[in-house]
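First comes the structure, then the notes that go with it.
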Amino acid sequence: MRFDIITIFPEIFSGVFDFGIVRRAVEASLIEINIHDLRDYTDDRHRQVDDRPFGGGAGMVMKPEPLFRAVEAVTNGEPEVSVALLSPQGRLFSQPVAEEYAHKPRLVLICGRYEGVDERVVEHLIADEVSIGDYVLSGGEIPAMVVVDAVTRLIPGALGCEQSAARESFSNGLLDYPHYTRPADYRGLKPPEVLLSGNHAEIERWRRRKSIEKTLRRRADLIHNRALSEDERREIDEVFKEIGE
């Protein structure tokens, strides 16, 4: 998969992808990341990428010409390229959205800045507009990093263990279950005995119920917002009664 990031601050990305899973995915040729300086697509000596908004108002707006030129140059007319704008006005970036992106061969990420981008860019260039949360950042660079990291984890081979991505929080609509590791006794604190039992069926049952319990306590909205089978609903009702909430 190829990522192309269009930004006015390419230096922000210096070194940020040189660690961990993203670095290994690049080295294994599972992904390719290209950073493009939007100012390279301007045609004036000041390399201006923004201007005052029509109708007045505070702040500046990103101009359409550099963005159109940049996207057209980066995509080169290829039909399988998806273009997304990182913006606080976009749909919420979530695990399902990351999974959706992971199936695309190429993804162009435009890092918004200032008061936003000229609406003609949104209407004629953008296939998607995403936000990483209901808050405002200085620009789309940090959200772009988030998107690349989250999507890369879903590329086959990136994690080494394919079960890891399937079991992580949000992948099945629930938060992840608690994890424990050695030593088995630390300052008198011990993991649940079922995890040391070797009974894999019981371990899976425990993990499932703890996952539901954690979700009910911390993010009940995740359960309320998903379609449930009768078996799931019955299990959730049982856990709900156990925790007394």
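The values are calculated or read from the model by the stated rules, or taken from the named source; none is laboratory data. On a predicted model such as this, the values are computed, not experimentally measured, just so you know. With ideal geometry, Cβ positions are generated from the backbone for all residues, glycine too; neighbour counts draw on all protein chains shown.
Search the stretch 110-128 for residues being under 18 Å from the mean Cα position of the chain (by Cα) and within 16 Å of V49 (Cβ to Cβ), and hand back the single one that is modelled with the lowest pLDDT. Filtering first and then ranking leaves G112.
Output the residues belonging to the stretch 22-59 that are of a type in the set (A, V, I, L, M, F, W, C) and more than 22 Å from E11 (Cα to Cα).
A28, L30, F54, A58, listed by residue number.
For the stretch 129-152, taking the residues that are under 22 Å from Q48 (Cα atoms) and out of contact with any helix residue (DSSP H, G or I) (no Cβ under 9 Å at 6 or more places or on another chain), the one that is surrounded by the most Cβ atoms within 10 Å (Cβ to Cβ) is identified as G140.
When each of F19, F9, F3 is tested for being under 30 Å from A158 (Cα atoms) and without any contact (Cβ under 8 Å) to a residue 40 or more places away in the chain, the lone residue that passes is F19.
Taking R113, is it touching a residue at least 24 places away in the same chain (Cβ under 8 Å) and either of a type in the set (D, E, K, R) or surrounded by fewer than 16 Cβ atoms within 10 Å (Cβ to Cβ) (or both)? Spelling it out, R113 is indeed touching a residue at least 24 places away in the same chain (Cβ under 8 Å) and either of a type in the set (D, E, K, R) or surrounded by fewer than 16 Cβ atoms within 10 Å (Cβ to Cβ) (or both).
Among the residues of the stretch 139-156, is there at least one that is within 27 Å of S14 (Cα to Cα), outside any helix (DSSP H, G or I) and at pLDDT below 95? Checking the stretch 139-156: not a single residue is within 27 Å of S14 (Cα to Cα), outside any helix (DSSP H, G or I) and at pLDDT below 95.
Residues in the stretch 49-84 that are part of a helix (DSSP H, G or I) and of a type outside the set (S, T, N, Q): P64, E65, P66, L67, F68, R69, A70, V71, E72, A73, V74. A single member of I12, I5, I35, I21 is touching a Cys at 6+ places or on another chain (Cβ under 7 Å), modelled with pLDDT of 95 or more and either under 14 Å from A73 (Cα atoms) or not in a loop (DSSP other than H, G, I, E, B) (or both), and it is I5.
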